[in-house]
Amino acid sequence: MAHKRRFSVFIASMFVSSTLLSACAVSASPDPVVDVTPVQEHPDFATCVINLQQKAKTAGISQQIIDTTVANLKFVPRVIELDNQQPEFTTSFGDYFDKRVTPWRVEQGRKMMAKHGSLLTKLTKEYGVPGQYIVAFWGLETNFGSYKGSMPVLDSLATLACDPRRSDYFTGELLQALKLKQQYNFADNKMVGSWAGAMGHTQFMPTNYRKYAVDGDGDGIADLWNSEVDALTSAANFLQHLGWKADERWGREVLLPVDYPFAYLGGKHPLPLVKWQALDIKQSNGQPLSTPDMQAALYLPAGHTGPAFLGYDNFNVIMRWNRSEFYAIAVGHLADRINGGAELTRAVPKQPRLSRETVKQLQQKLNDAGFDVGKPDGILGRNSVLGLQAFQQQKGLIADGFPDEQTFNALGIKL
């Protein structure tokens, strides 16, 4: 089995929910040229803008901002394209991880730790979040502020607010962005970010900006675009409010025994560390696990031939920032590396991408075989993983819930 190719599936969200930060800027790649279309060419949008003006008034936005900003909001066709865009192929954990935990990010992260050493020490004492984690989030979100997005946030949010798919959510975010403008007198053209409205060094959505942004440098403005001190302080404050546990790490790479039964996988099956030790799970250096009174869940993002990780409570906190296991592992390991930790003991295997159509076919085959994984959507989510595990157990395969070549063969799917 060890020599067989194995495949991993991950669909990156185009935006994250109101309790999270936007994931749009994780790759820190430039936004496309923005096509801002005059409102009169979109009569439905024009009607929506009139409604938005009324909602802004009800929300306490000044008449001046309603007349000069809300009334002049513009439709951005590219935002709708990006919101509706679904990738043809999935991304493997190896491809995701290698693009994010890079030697450059590790080196730059260490430089930022040195640059902001006294601030980060202060933030750790005040918020309980070690500096390497704050810097790791910063690195993944915007490459340490080198690319914060260039899309017009108010126009982008208005475009999404006037689209029926998630109108309520984005209307709320637009109103919060207008309150930010009113509170700090931000210029419209300075409020730029991701196409979904995430802003600044740490890519806060407007609601989170309003709730958790902190004026760390004491100039009277919580400015996440131009103040690194404000941005890092705000990240620490946000993580504390998400439930970060001081003096606990995010998780760790671990080694599985050759006879591991794969009975407990993923966030829905946590166990106390003493039970993981009893299952002969070891630290990556081969030493036994320590067993403080903590819960942990086992993650195999590339299947049993790739690295294994135990995620602790702070792993779940990272998932509240961005609901992706890949992201949480990348943040945690990058933080470890920035803090002087070693590379992964077990290499991340190179795995080709699967098309969404192939994943849909896999899901349909599982449903047909009596393993209900829901409507085939091309996304290998938790239900699909559980269905795969049950199918693999039935067929006598390694039941890691991972779609390897043998599993595809057993399902009658030709790759």
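Taking a straight Cα-Cα cut-off under 29 Å and skipping sequence neighbours fewer than 8 places away in the same chain, the lysines within cross-link reach of Lys245 are Lys99, Lys111, Lys115, Lys122, Lys125, Lys148, Lys211, Lys268, Lys275, Lys282. Under 20 Å Cα-Cα from Lys365, which lysines qualify once same-chain neighbours fewer than 8 residues away are excluded? Reachable lysines: Lys375, Lys395, Lys414. Would you mind classifying region 137-200 by shape? Square roots of the alpha carbon gyration tensor eigenvalues, ordered a ≥ b ≥ c; an a/c under 1.5 is rounded, otherwise it is prolate if a/b is larger than b/c and oblate if not. Cα axes put region 137-200 in the oblate bin. Between Ala335, Ala56, Ala213, the residue with the greatest mean-square fluctuation in the GNM of the chain (Cα pairs under 10 Å linked by springs) is Ala56. Residues with amide H under 5 Å of Gly193's amide H, sequence separation 5 or more or different chain, H placed in the peptide plane at 1.01 Å from N; which? When sequence neighbours closer than 5 places are left aside, the close amide H contacts are Ser150, Met151, Val153.
Under the simplified labelling scheme, the Thr47-Asn383 pair shows an inter-label distance of 3.4 nm, with each label point 7 Å from Cα along Cα→Cβ.
The label-point distance for Ala342 and Gln183, in a model that sets each label 7 Å from Cα toward Cβ, rounds to 4.6 nm. For region 269-403, the solvent-accessible area of protein heavy atoms averages 42 Å² per residue (probe radius 1.4 Å; ligands and nucleic acids excluded). Overall shape of the chain was characterised from the C-alpha gyration tensor. The equivalent ellipsoid obtained from it has semi-axes of 39, 28, 17 Å, in decreasing order. Using the Cβ-Cβ distance between Lys350 and Asn84 with R0 = 30 Å, the FRET efficiency computed as 1/(1 + (r/R0)^6) comes to roughly 0.45.
With a cut-off of 13 Å between beta carbons, the residues surrounding Pro103 carry a summed charge of +3, where Lys and Arg count +1 and Asp and Glu -1.
Just to confirm a number: summing +1 for Lys and Arg and -1 for Asp and Glu over residues other than Gly286 whose beta-carbon lies under 14 angstrom from that of Gly286, what do you get? Residues near Gly286 contribute +1 overall. In this rough spin-label picture, where each label sits 7 Å from Cα along the Cβ direction, the Arg165-Glu126 distance is 3.9 nm.
Using a cut-off of 11 Å between beta-carbons, work out the net charge of the residues near His201 (Lys and Arg +1, Asp and Glu -1, His201 not included). Result for the local shell: -3.
When all protein chains stay in place and ligands, DNA and RNA are ignored, the 1.4 Å accessible-area order of His304, His269, His241, His201, largest first, is His241, His269, His304, His201. Does region 153-261 come out rounded, prolate or oblate, given a ≥ b ≥ c as the square roots of the eigenvalues of its C-alpha gyration tensor, rounded meaning a/c under 1.5 and, failing that, prolate meaning a/b above b/c? Judged from the Cα gyration tensor, region 153-261 comes out oblate (a/c at least 1.5, b/c at or above a/b).
Express the relative contact order of the chain as a whole percentage, based on alpha carbon pairs under 8 Å and six or more residues apart in sequence. Across the chain, relative contact order equals 20 percent. Helical content alone sets the calculated 222 nm signal of the chain at -13500 deg cm²/dmol, taking -39,500 (n - 2.57) per DSSP H segment of four or more residues and averaging over every residue. Shape summary: region 284-415 maps onto an equivalent ellipsoid whose semi-axes, from the alpha-carbon gyration tensor, are 30, 16, 15 Å in decreasing order.
The values are calculated or read from the model by the stated rules, or taken from the named source; none is laboratory data. Owing to the predicted nature of the structure, the values given are computational and were not obtained by experimental measurement. Methodologically, a virtual Cβ is constructed for each residue, glycine included, from the backbone with ideal geometry; neighbour enumeration extends over all protein chains shown. Heavy atoms of the whole protein, side chains included, go into the accessibility calculation; ligands, DNA and RNA do not. Shrake-Rupley method; radii C 1.70, N 1.55, O 1.52, S 1.80 Å.
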